[in-house]
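> Please find one structure pasted underneath; my questions will follow.
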Amino acid sequence: MPCTLSLWSAGSLVPARARFTTCDSNPEPHIESLGQRIDWPRHFFQPFFQRIHPTRTMNPSPTQAIVPQALITEDSRLPGAPELHYANGQLHLEGVRLLDLAQALGTPLFAYSKHSMLEALKRYQLGFEGRRARVHYAMKANSNLALLQLFARAGCGFDVVSQGELERVLAAGGLAKDVIFSGVGKTRGEIARALKEGILCFNVESTPELEVINEVALALGLVAPISIRVNPNVDPKTHPYISTGLKDNKFGVAHEETLALYLHAKMLKGLRIEGIDCHIGSQITTTEPYVDALNRVLDLVEQIESHGMPIHHLDFGGGLGIQYKDETAPDANVLWKTLWRVLDARGFGDRHVMVEPGRSLVGNAGVCLSTVQYVKPGEQKNFCIVDAAMNDLPRPAMYEAFHAIVPLSLHIPAEPAVFDVVGPVCESGDWLGRERTLSVAAGDVLAVLSAGAYCTSMSSNYNTRGRAAEVLIDEQQWHLIRDRETTADQLRLEKLLD
Ligand code: PLP
């Protein structure tokens with residue numbers, strides 16, 4: 001028999017009420033707390049364990065706290081707050097009750113808060129006030145046309161990594177002259193298209209790429225504006241898959257080789273040196289790696305300029321983290337106050353600066369709504385099988401990433417239990433959340449939080465599953481910004497043999 005004892009706890013992400021649970025099959029006690037695992041001191045558990053099981057000894061191995069989605073209260077602060085909040089026991093995004101959306105449009109469904117995105121952008125724009133600086137949205141994070149339109153209208157340029165992304169910018173009403181083209185593997189065709197459209201700058205990632213851009217430009221009778229992406233060998237202290245500025249990453253040109261490549265570029269008639277670029281990784285939650293990288297880039301700028309090559313702009317990449325669990329990434333405005341201090345102190349405060357944020361503009365603005373299909377108890381584990389899967393939301397399967405999962409309605413339909421929340425895809429890696437305490441029954445709708453970035457843009461048709469619909473919420477209104485993909489949509493490009 002599971003035994004529970006209610007406790008009270010404090011802390012921004014810890015709900016007012018936490019629950020202490022032990023099971024006979026698993027004498028390891030744990031504290032359940034909203035959206036996160038916390039290591040609690042062992043002695044904290046001892047008195048409660050002994051009251052529940054006076055004759056048993058508490059398992060001495062370390063214990064972890066588990067998300068108490070079942071125990072979230074109206075006052076719990078969620079990743080995505082204040083736009084994402086409970087009112088009258090129902091989860092809302094801005095002024096829209098998400099259950100209404102799920103009922104109207106079905107699930108899986110991605111919903112984004114317009115206000116949340118514009119507020120996130122404003123944090124950068126505040127940090128740039130009085131400076132020559134601009135945000136170029138890294139659209140790989142979420143490339144829905146309506147979001148691109150929103151950011152273009154709000155004054156953003158774009159960072160693209162393929163011709164497809166460039167075409168999206170143009171289709172959304174963005175301008176090529178506001179586009180930076182990054183990426184390690186640009187093809188000749190992509191380079192030609194971007195040159196003909198007149199993009200702002202290519203961020204060059206290797207010597208052969210530099211030479212190909214030169215050749216393509218000369219063949220078209222054009223001059224390609226370029227920056228070289230320097231790899232500053234700074235550890236962003238994030239997941240290895242999203243570190244990009246270390247020596248063993250495939251990105252950029254080694255710090256020690258950058259000057260030589262600029263000297264080479266200077267000799268190539270199809271190129272015009274515009275700036276320097278750097279991006280060290282993603283989901284960065286501290287200021288130090290940025291300061292280290294900036295100082296290393298500025299050292300290079302001094303060297304390059306001393307060889308008669310003016311650097312007109314500094315592109316400092318993206319990478320700022322968001323809240324998935326209990327992370328506290330610096331506010332963009334605060335981060336940039338620090339970085340401007342470095343730039344001013346070194347005499348670069350009047351230089352044109354560009355940044356390429358993706359995740360920090362859209363990540364916390366989005367949720368994925370998913371309906372519980374089946375609750376499947378198991379010997380070792382219970383499974384909560386939902387209708388969203390790794391093809392919709394690949395981050396957990398790809399990076400073992402954490403997304404908080406909460407109910408749309410705060411009623412308690414069933415006894416809370418610990419579940420792995422999994423999708424219907426035929427892979428054991430198809431999970432959205434592990435060991436989540438939920439109080440769920442089939443038909444309930446859950447929200448996977450912080451799902452605005454690197455979810456739909458990484459989605460696939462695996463298992464011939466159509467991609468989810470997407471909705472942009474603007475106060476009380478919502479706009480369908482992507483139809484649910486049908487099987488006919490998927491089959492359209494395929495051909496049977498004669
Ligand atoms: N710029 C470049 C070159 C990138 O590779 C990335 C992401 O990997 C970004 C910008 C956006 O990063 P983030 O979404 O972490 O802000």
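Read-outs: derived from the displayed coordinates by stated rules, not from any lab. A quick note: this is a predicted structure, and the numbers were derived from the prediction, not measured. A quick note on method: Cβ atoms are made from the backbone with ideal geometry, for glycine too, and the neighbour counts reach across all protein chains shown.
> In whole angstrom, how far apart do the alpha carbon centroids of the stretch 342-362 and the stretch 171-198 sit?
So the two Cα centres are separated by 22 Å.
> OK, next. Please order VAL471, VAL161 by the number of other Cβ within 10 Å, starting at the fewest. Before the final figure, lay out each step's value.
Details: VAL471 23, VAL161 19.
Going from sparsest to densest Cβ surroundings: VAL161, VAL471.
> Now for a different question. Report the calculated FRET efficiency for GLU211 and LEU126 (r = Cβ-Cβ distance, R0 = 25 Å), to the nearest 0.05.
Details: r = 41 Å, r/R0 = 1.64.
After rounding to 0.05, the efficiency reads 0.05.
> Of LYS140/LYS177; LYS122/LYS337; LYS114/LYS140; LYS140/LYS495; LYS114/LYS196, which ones are farther than 22 Å apart at the Cα? Can you show the working numbers first?
Details: LYS140/LYS177 19 Å; LYS122/LYS337 14 Å; LYS114/LYS140 18 Å; LYS140/LYS495 30 Å; LYS114/LYS196 33 Å.
Beyond 22 Å: LYS140/LYS495; LYS114/LYS196.
> Still on this structure: May I ask for log10 I(q)/I(0) of the stretch 183-355 at q = 0.17 Å⁻¹, from a Debye sum over the Cα atoms as equal point scatterers with solvent left out?
Log-scaled intensity ratios, in q order: -1.04.
> List the trypsin sites (Lys or Arg not before Pro) in the stretch 266-302 that DSSP assigns to loop (not H, G, I, E or B) and whose Cβ has at most 15 other Cβ atoms within 10 Å. Which are they? Please list the in-between numbers first.
Details: sites: LYS266, LYS269, ARG272, ARG296; in loops: LYS269.
Taking the stretch 266-302 and a limit of 15 other Cβ atoms within 10 Å, the loop trypsin sites (Lys or Arg not before Pro) found are LYS269.
> Can you tally the net charge around LEU109? Count Lys and Arg as +1, Asp and Glu as -1, for every other residue whose Cβ sits under 12 Å from the Cβ of LEU109. Let's see the in-between values first.
Details: positive: ARG467, ARG482, ARG484; negative: ASP100, ASP387, ASP392, GLU470, ASP483.
Net charge in that neighbourhood comes out at -2.
> Same structure, new question: Calculate I(q)/I(0) for the stretch 347-483 by the Debye formula, one identical point scatterer on each C-alpha and no solvent, and give its log10 at q = 0.11, 0.12, 0.13, 0.18 Å⁻¹ to two decimals.
-0.45, -0.52, -0.59, -1.03
> What net charge do the residues around GLY366 carry, taking every other residue with its C-beta under 13 Å from that of GLY366, with Lys and Arg at +1 and Asp and Glu at -1? Before the final figure, lay out each step's value.
Working: positive: LYS114, ARG359, ARG395, ARG482; negative: GLU83, GLU94, ASP392, GLU470.
Summing Lys and Arg as +1 and Asp and Glu as -1 gives 0.
> Where Rh is the Kirkwood radius over the Cα pairs of the stretch 309-372, the temperature 10 °C and the viscosity 1.306 mPa s, what D in µm²/s does Stokes-Einstein return? Let's see the in-between values first.
Details: Rh = 14.1 Å.
D = 113 µm²/s.
> Between VAL334 and ARG188, how many nm apart are label points set 7 Å from Cα along the C-beta direction?
About 5.1 nm, to one decimal.
> Write out the trypsin sites (Lys or Arg not before Pro) in the stretch 128-205 meeting two conditions: DSSP loop, and at most 14 other Cβ atoms within 10 Å of their Cβ.
Working: sites: ARG131, ARG132, ARG134, LYS140, ARG153, ARG168, LYS177, LYS186, ARG188, ARG193, LYS196; in loops: ARG131, ARG132, LYS186.
For trypsin sites (Lys or Arg not before Pro) across the stretch 128-205 that sit outside H, G, I, E and B with at most 14 neighbouring Cβ atoms in 10 Å, the list reads ARG132.
> Also, quick follow-up: Within the stretch 398-456, which GluC sites (Glu not before Pro) sit in a loop by DSSP and count at most 12 neighbouring Cβ atoms inside 10 Å? Could the numbers behind the result be given before it?
Details: sites: GLU400, GLU427, GLU435; in loops: GLU400, GLU427.
Hits after loop and neighbour filter: GLU400.
> Based on the mean of other beta carbon atoms within 10 Å per residue, what is the order of 352-362, 320-330, 440-450, most packed first? Spell out each step's value before the answer.
Details: 352-362: 25.6, 320-330: 19.3, 440-450: 21.8.
Descending packing order for the listed peptides: 352-362, 440-450, 320-330.
> Same structure again: Once you sort the root eigenvalues of the Cα gyration tensor of the stretch 81-193 as a ≥ b ≥ c, which label holds: rounded (a/c under 1.5), prolate (a/b larger than b/c) or oblate (the other case)?
Working: a/c = 3.09, a/b = 1.62, b/c = 1.91.
Oblate.
> Separate question: Amide H to amide H, which residues 5 or more places from ALA414 or on other chains are under 5 Å from it, using H placed in the peptide plane?
The list, which skips near neighbours in sequence, is VAL440.
> I want to check the label-to-label distance for ARG272 and TYR374. Put each point 7 Å from Cα in the C-beta direction and report it in nm to one decimal.
Between ARG272 and TYR374, the simple spin-label model gives 6.3 nm.
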